[in-house]
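Q: The following block contains the structure, expressed as structure tokens.
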Amino acid sequence: MNSGEGYMKKALELARKGEGLTSPNPLVGAVLVNGGEIVGKGYHSRAGAPHAEIEALHDAGEKARGSELYVNLEPCCHYGRTPPCTEAITRAGVKKVVVAMKDPNPQVAGQGVQKLEEAGLEVICGTLEKEARKLNEAFIKHIQRGVPFVILKTASTLDGKIATRRGDTRWITGEASRLMVHRLRNRVDGILVGIQTVLQDDPRLTTRLEGGRDAARVIVDSMARLPPEARVVTVSSDTPTLLAVREDAPGERLELLRQRGVEVIPLPAENGKVSLSSLVEVLGRKNMNSLLVEGGGTINYSFLEKGLADKIYAFIAPLICGGIDAPTSFEGGGAAFLKDAWRLSETEVERCGEDLLLKGYFSCG
């Protein structure tokens, strides 16, 4: 790795410090280098806070003059909640800007690079671009398509079961895997489950990490069967519980849940169930960049079948349950032939204690 890539890698590391805090904004880190020495560092810490480039410039002070800026996303050139970063970079006397990727936001989309070049700065694009795109994959999808990046999370035995034939689920995976799930929850904007998961497990769907944050809880419940005393309703949290129901769900039940603070989202029916395509569009309009689906086999398969899933985190425990009636991670109709099955790409496998975690992307997402 050359020095330029090394500085960009540092910018990417800084950007990750904002995970779970910047949405709907992207994750951005910035490093200023002068005379081969890092003189300023910064990252975007939350939506509405100064951008990474501004933080790095403040950190560098006068040492920013004549420096090189490494940033994983093209600097903004428009007025939003903060002034344009391109103007601050130019005023500070930076001589060169190295950008990992151009901003897919139509308000920027190459114009930031153009502004810097017009001001006489040298600009280089594409350093560690693949890594930068992966870091902001949720932001990219949301800004380009208006819907959240959908991650399916499954926890199954070696033979693919998510519960025993009598419905016992606790605990299939070990403590290390459960900790990883809470870290994942800490990074996303929403967590989605179906009503059966709520009725069977009564989960809180919160992030149990010190200093962690809760994502919005999204319950798919066609006919509003959600009990008012369910923990997703009564949990103390700064984030909302959203209930996706069919438009013909019983009004008296909806009113009772609204009184308990639940935000009801009436949606069209599709094959007798809530239209998931309509739901993700609504969540996108609510500025959700990312959605973690922690449902059962029916919900998981529905997201997959409709081409709504982007990525999977599949935790696999060294257990075998057996049982033809034991539920699996994906149910539904299934593929008739292997050529029609969903194949993952860019797969990674890692250990989580005694478990394995397989990550990969769906080409249909």
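Q: From the list A88, A138, exactly one residue is out of contact with any Gly (no Cβ under 6 Å at 6 or more places or on another chain) and under 27 Å from V280 (Cα atoms). Which is it?
A: A138
Q: To continue, here is another question. If we scan the range 187-195, do we find a residue that is over 26 Å from L21 (Cβ atoms) and surrounded by fewer than 17 Cβ atoms within 10 Å (Cβ to Cβ)? Please lay out each step first, then the result.
A: At the first step, the residues of the range 187-195 found to be over 26 Å from L21 (Cβ atoms) are 194-195.
Now drop any that are not surrounded by fewer than 17 Cβ atoms within 10 Å (Cβ to Cβ), which leaves none.
No, the conditions are met nowhere in the range 187-195.
The rows are residues; the columns are (1) modelled with pLDDT of 95 or more; (2) surrounded by 15 or more Cβ atoms within 10 Å (Cβ to Cβ).
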position	(1), (2)
S3	no, no
Y7	yes, yes
K10	yes, yes
N25	no, yes
V33	yes, yes
K41	yes, yes
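Q: OK, next. What about E137, is it surrounded by 15 or more Cβ atoms within 10 Å (Cβ to Cβ), within 23 Å of the chain's Cα centre (by Cα) and without any contact (Cβ under 8 Å) to a residue 60 or more places away in the chain?
A: no
Q: If you don't mind, another one. Give L242, L257, L226 a once-over and let me know the one that is in a loop (DSSP other than H, G, I, E, B), open to solvent by less than 10 Å² (accessible area, probe 1.4 Å) and in contact (Cβ under 8 Å) with a residue 24 or more places away in the chain.
A: After ruling out the rest, the residue left standing is L226.
Q: Filter the range 310-356 for residues that are part of a loop (DSSP other than H, G, I, E, B), modelled with pLDDT of 95 or more and charged (D, E, K, R) and give the result.
A: Listed by number, the residues that qualify are D310, E354.
Q: Using the structure shown, decide if A176 is of a type in the set (A, V, I, L, M, F, W, C) and in a helix (DSSP H, G or I).
A: For A176, the condition - of a type in the set (A, V, I, L, M, F, W, C) and in a helix (DSSP H, G or I) - is met.
Q: Taking interchain pairs and intrachain pairs at least six residues apart, which have beta carbon atoms under 6 angstrom, with the first residue in the range 105-119 and over 17 Å from R91 (Cβ atoms) and the second part of a helix (DSSP H, G or I) and open to solvent by 30 Å² or more (accessible area, probe 1.4 Å)?
A: These pairs meet every condition: N105/I143.
Q: Here's something else I'd like to know. Pairs, please: C-beta under 9 Å, at least 6 apart or cross-chain, first residue free of Cβ contacts under 8 Å to residues at least 40 places away in the same chain and in the range 293-309, second part of a helix (DSSP H, G or I)?
A: If the second residue must be part of a helix (DSSP H, G or I), the pairs left are S302/L276; K306/L276; K306/S277.
Q: Name the pairs: first residue in the range 33-48 and of a type outside the set (S, T, Y), second residue open to solvent by 40 Å² or more (accessible area, probe 1.4 Å) and in a strand (DSSP E or B), Cβ to Cβ under 8 Å, at least 6 apart or on different chains?
A: From residues that are of a type outside the set (S, T, Y), the pairs are V33/E68; N34/E68.
Q: Across the range 54-69, what is the number of residues that are open to solvent by less than 10 Å² (accessible area, probe 1.4 Å) and touching a helix residue (DSSP H, G or I) at 6+ places or on another chain (Cβ under 6 Å)?
A: Final tally of qualifying residues: 1.
Q: Return the total of residues in the range 120-139 being in contact with an Asp or Glu (Cβ under 8 Å, 6 or more places away or on another chain) and part of a loop (DSSP other than H, G, I, E, B).
A: 2
Q: Moving to a separate point now. Residue check: is K286 open to solvent by 20 Å² or more (accessible area, probe 1.4 Å) and in contact with a Ser or Thr (Cβ under 7 Å, 6 or more places away or on another chain)?
A: no
Q: Cβ-Cβ under 6 Å, sequence separation 6+ or interchain: first residue in the range 315-344 and at positive phi and open to solvent by less than 50 Å² (accessible area, probe 1.4 Å), partner in a loop (DSSP other than H, G, I, E, B) and modelled with pLDDT under 95. Which pairs?
A: Listed by first residue and then by second, the contacts come to G323/R165.
Q: What single numbered condition from (1) closer than 23 Å to F303 by Cα; (2) outside any helix (DSSP H, G or I); (3) open to solvent by 20 Å² or more (accessible area, probe 1.4 Å); (4) in contact with an Asp or Glu (Cβ under 8 Å, 6 or more places away or on another chain) fails to hold for T206?
A: Single failed check for T206: (3).
The values are calculated or read from the model by the stated rules, or taken from the named source; none is laboratory data. Given the structure is predicted, the values throughout are model-derived calculations rather than measurements. Here Cβ is always computed from backbone atoms with ideal geometry, including for glycine, and neighbour counts include all displayed protein chains. With ligands, DNA and RNA removed, areas are computed over all heavy atoms of the protein, side chains included. Shrake-Rupley method; radii C 1.70, N 1.55, O 1.52, S 1.80 Å.
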